[in-house]
1. Looking only at region A:200-229, which residues are free of Cβ contacts under 8 Å to residues at least 40 places away in the same chain, under 13 Å from B:Phe80 (Cβ atoms) and not in a helix (DSSP H, G or I)?
2. Please enumerate the residues belonging to region B:72-118 that are more than 30 Å from A:Leu194 (Cβ to Cβ), more than 17 Å from the chain's Cα centre (by Cα) and assigned to a helix (DSSP H, G or I).
3. Every residue in region B:77-104 that is closer than 20 Å to B:Phe130 by Cα and more than 8 Å from chain A (Cβ to nearest Cβ), please.
4. Filter the helices (runs of 4 or more DSSP H) completely within region A:1-93 down to those with at least 3 residues that are among the aromatic types (Phe, Trp, Tyr), more than 10 Å from chain B (Cβ to nearest Cβ) and closer than 20 Å to A:Ser237 by Cα.
5. Considering only residues that are β-branched (Val, Ile, Thr) and either more than 8 Å from every other protein chain (Cβ to nearest Cβ) or on the phi > 0 side of the Ramachandran plot (or both), which ones fall in region A:210-235?
6. Within region A:95-114, can you find the residues that are surrounded by fewer than 21 Cβ atoms within 10 Å (Cβ to Cβ), more than 7 Å from every other protein chain (Cβ to nearest Cβ) and either closer than 16 Å to B:Phe180 by Cα or of a type in the set (Gly, Ala, Ser) (or both)?
7. I'd like to verify a number: residues in region B:164-216 that are assigned to a helix (DSSP H, G or I), crowded, with 18+ Cβ neighbours inside 10 Å and hydroxyl-bearing (Ser, Thr, Tyr), how many?
8. Please go through region A:109-135 and give me each residue that is assigned to a helix (DSSP H, G or I) and more than 21 Å from A:Ala65 (Cα to Cα), ordered by number.
Amino acid sequence: MRRLLTLHALLVYLFLYLPILVIVALSFNQSRRGVRFTGFTLDWYRALFQDPRVLDYFLNTLLVAFVSTLVATVLGTLLAVGLVRYRFPGKGFLSYLLYIPVVVPDVVMGVSLLLLFALAREVLGFPRLSLFTVILGHITFQVAFVTLVVRSRLLLLDPALEEAARDLGARGWQTFWHVTLPLAWPGVAAGALLALTLSLDDFVVTFFTAGPGATTLPLYIYSSVKLGVSPKVHALSTLIIGLSAFFLALGYALTRRRV
Amino acid sequence: MASFLTRGPYGELTGPWGFHNYAKLPHPVYLEAFAQSLLVGVLATLISALLGYPLAFYIARHPQRDLLLFLLLLPFLTNFLIRVYAWLVLLQREGLVNALLGAFGLGPLVLYPSFFAVLLATVYTFLPFFVLPVYASVERLDWQLLEAAYDLGAKPVKAFLHAVLPQTYPGLFAGSVLVFIPAMGTFVVADLLGAGRVVLIGNLIQQQFGITRDWAFGAALGVFLMGFVLLSLYLYARLQGERGLKDLV
């Protein structure tokens, strides 16, 4: 039984890693097509770095990710504090609404945003589809995730700590800044990290909300795959895989040290 | 704020209002897309269960489980498109899978584009969503119940079915929902690996907003898909109680 489980686990991990290893190997392969390894080369990386558009797309991706994460983290944290600390009519309904952006298929999310922006443009005359609309779109789904993560952290906190701060004469804002926020910090950081990952990885919402000149790396990868296999995509994918592995390993090492 | 953005618009963009877009839904083409989406969702969930359930046990009982979890999440955090694209590379005519089959004197098979390719990549993409909730249940498992079952003379299979399996139901349900919903709703996997041969609801929606430019009908399809997702979520919540919803996130 034990041996069967081990074999099973090995096969599943092979299933998980085989595609990635193939991409990495192909990015160093001289041959343009097929899987026969005809010799080691760095040509595809050179071609990738010489393409000025790729740098643009990379910067677009980073800009969208950082701006949307920042806004979504602030909004999500405030919403979570509001939901946990205050009572108001419709609170239960609002809490349920939070799950909708989390579970709704991203195609529906993408087209809903597209329709909303089209409607807004008809009525208000803006916004045009651009990086700005992409950022708005990302914030929309990120807020829900950040709120849920921060809320679960806040629910663990002892309300007596805030009461103590108030008893000692702290105002609402001071209590929030000096007591609530530092205590909720791990939740806020985890929520922000989740939001950042979601934004960097997002293709579908970006696909529907991006206008001309707002290409991000996922959009670029999609169009190159659609137009036909280019080894440059293998090189780009390998770099992205390497970077995510590096950051994930860093996060893993940091959390281990704390324990 | 999130609520009004995700709620699908009902009306037409121009012209008369009405339900005529919904009246188009029972057309055979759309019904087939819906049936295929359901099939992908159900099969992907079943295969994920077969692969993920034993794996969750293996990881939970392994001394290096943090490392194993890390290795499970690593491919998952690389870009979604790259992971789908990798299967395109593996399954294409000159790909690795056909090369291996060729070595045994088989093939080449047309593995791409196909329903099989879409299903495989869907499982690949969402497998961790299944493993993580099951892992959480296995970690909380009370193994004394299993020992008690053995003490009472139960055979291993029976002991598992009565003492272990019921304890993992919350994880199984949560994992199934987490795989079923995105597997049904995705359009990217079918778009890249089905290449027009596999059309899911997501692809229909994308077509209405892309080539066909019938936004109103696309919105109707979107509302329909969302209604279906909310319905399955409601059924899940009925089964698991409100706590189940929190466990999902």
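What follows draws every value from the coordinates through simple rules; no lab data is involved. Treat the numbers as computed from the prediction; the structure is a model and nothing was measured. Neighbour counts run over all protein chains shown; Cβ positions are idealised from the backbone, glycine included.
1. Scanning region A:200-229 gives a single hit, A:Phe203.
2. Residues satisfying the conditions are B:Leu91, B:Leu96, B:Val97, B:Asn98, B:Ala99, B:Leu100, B:Leu101, B:Gly102, B:Ala103.
3. B:Val84
4. A:43-50
5. Within region A:210-235, A:Thr215, A:Thr216 qualify.
6. Hit for region A:95-114 is A:Ser95, nothing else.
7. Final tally of qualifying residues: 2.
8. A:Leu115, A:Leu116, A:Ala118, A:Leu119, A:Ala120, A:Arg121, A:Glu122, A:Val123, A:Leu124
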